[in-house]
Amino acid sequence: MRQYRLQFCKGKSRNITVAPQRSPLILYPPNPSPKFRIMRADLVEQAALIVKDHPILINMVSKRVRQIVAGHAVLVERRPGLREADLALLEIIQGKITIATPDKS
């Protein structure tokens, strides 16, 4: 048994115990095929130039992917080979989705 300490935001943490595994856990194949690809790296880099804060970019993409999967209209042209996360990144790159800043009045 191995002990790990998980650190959460706002200073909270929790200890967990993990039993050893008999065989190694493989999450992704060594050479991932397009089936296992999550997002195109070039689109991620372009979107990161627009949204500088990485956690905000991740939240924007994940929330938009949930909306697209739920059936909301896509704001950019669908092209073959683009998955939902790629479409969300394209929407950010093309300025269709922006960060809403609260009014300070």
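Coordinate-derived values only; no laboratory data. Note that the coordinates shown come from a computational prediction; the quantities given were computed from them, not determined experimentally. Positions of Cβ are backbone-derived with ideal geometry, glycine not excepted, and every protein chain shown enters the neighbour counts.
Listing for the model above:
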read-out: Residue count, region 74-83 (criterion: under 16 Å from the mean Cα position of the chain (by Cα) and closer than 15 Å to residue 94 by Cβ); value: 1
read-out: Among residues of region 39-73, those that are closer than 13 Å to residue 90 by Cβ and among the small types (Gly, Ala, Ser), counted; value: 1
